[in-house]
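The values are calculated or read from the model by the stated rules, or taken from the named source; none is laboratory data. Here the structure is a predicted model, which means the values were calculated and not measured. Note that each Cβ is placed from the backbone with ideal geometry, even for glycine, and that neighbours are counted across all protein chains shown. Just so you know, the surface numbers come from the protein's heavy atoms only, side chains and all, with ligands and any DNA or RNA stripped out. Shrake-Rupley method; radii C 1.70, N 1.55, O 1.52, S 1.80 Å.
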Amino acid sequence: MASFATHKCFDIANNNASVFFFLLFSLAMIYMHVAHGVEDKPILFIFGDSTFDVGTNNFLRSKAKANFPYNGIDFPHSVPTGRFSNGFNTADQIARQFGYQKSPPPFLALEKLQYSFKRNILHGVNFASGGSGILRQTGFNQSGEVVYLEKQVQQFALVRGNIREILGPAKAACFVSKALFLISVGSNDLFDFAGNDSGIHMGQEEYLAIIQLNYYSHIVKLYELGARKFGILSVPPIGCCPALSFANGGNCVTPLNDLAVAFYSAIRDLLRKLSSELEDLEYSLANTFAMTMTLLNDPLAFGLKDTKSACCGSGKFNGEGPCIKAPNTNLCLDRRDHLFWDLFHPTETATGLAAKTLFEGGNEFVIPVNFSQLISSY
């Protein structure tokens, strides 16, 4: 902190006193921000795949992009921002539950704005990348360039170093320990395992053990960087996605759903182990499989009329072609009554229901506490 201030003061001394006092005022506001938070809302650092991606892949040579219509049709000003949604995605909806307008921006977007990078990171960062996974190799065959979870953690390490430079060691440690670290990842790892062209030659139990070990190391690294509160989303019933169910008469593909259930058990055991080993680590684990199956079993209770077809796509159940603005693409008239937006992703309505459950749900959906209970001590 001293070297940062000395460098800035040296520059200011060669300009004028008014700029000097402006800098002092700005630093004071930063310290107030750290001491009191933003209206007692936790700062959010967000990691994962396309369920949380708010534009990271716009900056990559990736096949997994959503910065084109009809994506974003219900987003403010109908802008396709890179979210795999008709509007707000799960990261946004969780942020909105905390009182934010939407998710913090992507790390790669903030990195481009070097003049304001340090100021902006104090308000949270989203590192999530569509197509990525827990394993380094996940997604590359299907998606091209992605930011895998290990690299997302490395990006946070850079952010953590900058926070230390701004606030000093003690205040930076306090700041990060009060932040909430959200992670939604794993579906692409399971898709890769189930795919015929994945090149993975091992059994399910061995593969899940490798995933568990890698996930363990990523969370431990975040812990070493100061993270203490984690909100973890498991994998939903991926066998029910239109991209897979269309070939099964619109019915869910059971082996993939069984894999998702096994993944949840592995992550549940992992988090229990971590909480017993790492002092002050707190977490909420969302059983998104159970949450989604509740919607599927009684859709009308949640205002949903179609839980099989994608709102945007083509072919059977709109599950055979991507959501693009093309002559053969179908776009449903009422996005509010569909569970699925495209081949794989939920609608804004569905993500809103999920976020509400994360905050208010009981132990059948979130363990050992829900998100509101997790941050109650903030």
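Could you list, in sequence order, the residues of segment 347-378 that are part of a loop (DSSP other than H, G, I, E, B), hydroxyl-bearing (Ser, Thr, Tyr) and at pLDDT 95 or above? Residue satisfying the conditions is Thr347 alone. Could you please find all residues in segment 216-252 being basic (Lys, Arg) and assigned to a helix (DSSP H, G or I)? Listed by number, the list holds a single entry, Lys221. Scanning segment 97-111 for residues that are surrounded by fewer than 18 Cβ atoms within 10 Å (Cβ to Cβ), assigned to a helix (DSSP H, G or I) and either in contact with an Asp or Glu (Cβ under 8 Å, 6 or more places away or on another chain) or free of Cβ contacts under 8 Å to residues at least 24 places away in the same chain (or both) turns up just one, Glu111. The set of residues in segment 112-148 that are of a type in the set (Gly, Ala, Ser), in a helix (DSSP H, G or I) and open to solvent by 10 Å² or more (accessible area, probe 1.4 Å) contains only Ser143.
If you filter segment 327-354 down to residues that are farther than 23 Å from Val261 by Cα and hydroxyl-bearing (Ser, Thr, Tyr), you find that the one that is surrounded by the most Cβ atoms within 10 Å (Cβ to Cβ) is Thr349. When segment 52-73 is filtered for residues that are assigned to a helix (DSSP H, G or I) and either small (Gly, Ala, Ser) or open to solvent by 50 Å² or more (accessible area, probe 1.4 Å) (or both), the ones remaining, listed by number, are Asn58, Phe59. Among the residues of segment 212-239, which ones are open to solvent by less than 20 Å² (accessible area, probe 1.4 Å) and closer than 16 Å to Phe340 by Cα? Hits for segment 212-239 are Val235, Pro237, Ile238, Gly239. The set of residues in segment 264-290 being in a helix (DSSP H, G or I), over 22 Å from Ala179 (Cβ atoms) and open to solvent by 20 Å² or more (accessible area, probe 1.4 Å) consists of Tyr264, Ser265, Arg268, Asp269, Arg272, Lys273, Ser276, Phe289, Ala290.
Of all the residues in segment 312-326, those that are of a type in the set (A, V, I, L, M, F, W, C) and surrounded by 18 or more Cβ atoms within 10 Å (Cβ to Cβ) number 3. With respect to the stated conditions, Thr294 fails to be touching a Leu at 6+ places or on another chain (Cβ under 9 Å), closer than 19 Å to Thr254 by Cα, at pLDDT 95 or above and open to solvent by less than 70 Å² (accessible area, probe 1.4 Å).
Restricting segment 355-374 to residues that are open to solvent by less than 30 Å² (accessible area, probe 1.4 Å) and under 18 Å from the mean Cα position of the chain (by Cα), the residue that is nearest to Phe75 (Cα to Cα) is Ala355. Being in contact with a His (Cβ under 8 Å, 6 or more places away or on another chain), farther than 20 Å from Ala247 by Cα and of a type in the set (A, V, I, L, M) holds for only one residue in Leu278, Leu304, Leu271, and it is Leu304. Every test in (1) among the aliphatic types (A, V, I, L, M); (2) open to solvent by 10 Å² or more (accessible area, probe 1.4 Å); (3) in contact with a helix residue (DSSP H, G or I) (Cβ under 6 Å, 6 or more places away or on another chain) is passed by Ile94 save one, and that test is (2).
In the set (1) at pLDDT 50 or above; (2) in contact with a helix residue (DSSP H, G or I) (Cβ under 8 Å, 6 or more places away or on another chain); (3) more than 25 Å from Phe156 (Cβ to Cβ), Ala64 fails one condition alone, (3). Just one of the listed residues (Pro242, Pro255) is open to solvent by 40 Å² or more (accessible area, probe 1.4 Å) and touching a helix residue (DSSP H, G or I) at 6+ places or on another chain (Cβ under 8 Å), and it is Pro255. Scanning segment 157-207 for residues that are aliphatic (A, V, I, L, M), open to solvent by 20 Å² or more (accessible area, probe 1.4 Å) and modelled with pLDDT of 95 or more returns Ala157, Leu158, Ala170, Ala173. How about segment 247-298: which of its residues are of a type in the set (Asp, Glu) and within 17 Å of Leu213 (Cβ to Cβ)? Answer for segment 247-298, where residues must be of a type in the set (Asp, Glu) and within 17 Å of Leu213 (Cβ to Cβ): Asp269, Glu277.
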